[in-house]
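Chemist: I have a structure I would like to understand better, so I am pasting it below and will then ask my questions one at a time.
What follows is calculated from the coordinates using simple rules that are stated; it is not laboratory data. Given the structure is predicted, the values throughout are model-derived calculations rather than measurements.
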Amino acid sequence: MIQILLHLWGDYITQNDWMATNKTQNTAKGWVACLIHVTLYSLPFLFICSFEAFVVIFTTHFFIDKFRLAKYLVQLKNFSFTPTGFPPTTPLFISVWVTIIVDNILHVTINYLSITFL
């Protein structure tokens with residue numbers, strides 16, 4: 001339960017609009033925004049896991065967020081390589097929320113596996 005709470009706090013409470021808006025941009029500001037977000041997200045995990053698990057959580061969170069890997073997973077699962085990963089007839093709110101859910105599943109799964117096995 002604690003790792004889910006840390007995930008939720010890290011991704012939704014400590015991440016401000018500036019970080020969320022800029023972290024995927026391929027600019028110096030985007031890299032800094034992502035690095036700040038991932039640092040704030042990951043630091044609390046040091047209290048509940050090994051240093052090796054922390055490194056995995058930090059690194060994978062950075063790559064998942066920076067490169068929007070959840071979007072590509074949605075595209076693959078739907079065999080729809082549109083910008084949203086859904087057919088154009090899918091309402092935007094559905095495609096956005098499913099992508100957010102997939103993103104959360106990726107993070108929580110990796111966090112759990114890292115904490116449990118490293």
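Chemist: Identify all lysines with a Cα-Cα distance to Lys23 below 20 Å; exclude those on the same chain that are fewer than 8 residues away in sequence.
Modeler: Lys66, Lys71
Chemist: Below 8 Å between Cα atoms, with a sequence gap of 6+, how large is the relative contact order for the chain in percent?
Modeler: Numbers: 120 pairs, mean separation 30.1, N = 118.
After rounding, I find 25 percent.
Chemist: Shifting gears a bit: Which value at 222 nm does the chain reach when only helices count, each DSSP H run of 4 or more adding -39,500 (n - 2.57), with the total divided by all residues and rounded to the nearest 500 deg cm²/dmol?
Modeler: Working: 6 runs with 80 residues, N = 118.
Theoretical 222 nm ellipticity from helices: -21500 deg cm²/dmol.
Chemist: Let's test this: bin the Cα-Cα distances of the range 2-117 at 5 Å from zero up to the farthest pair and state each bin's percent.
Modeler: Taking all Cα pairs of the range 2-117, the binned fractions are 2, 12, 21, 22, 19, 14, 7, 2, 1, 0 percent.
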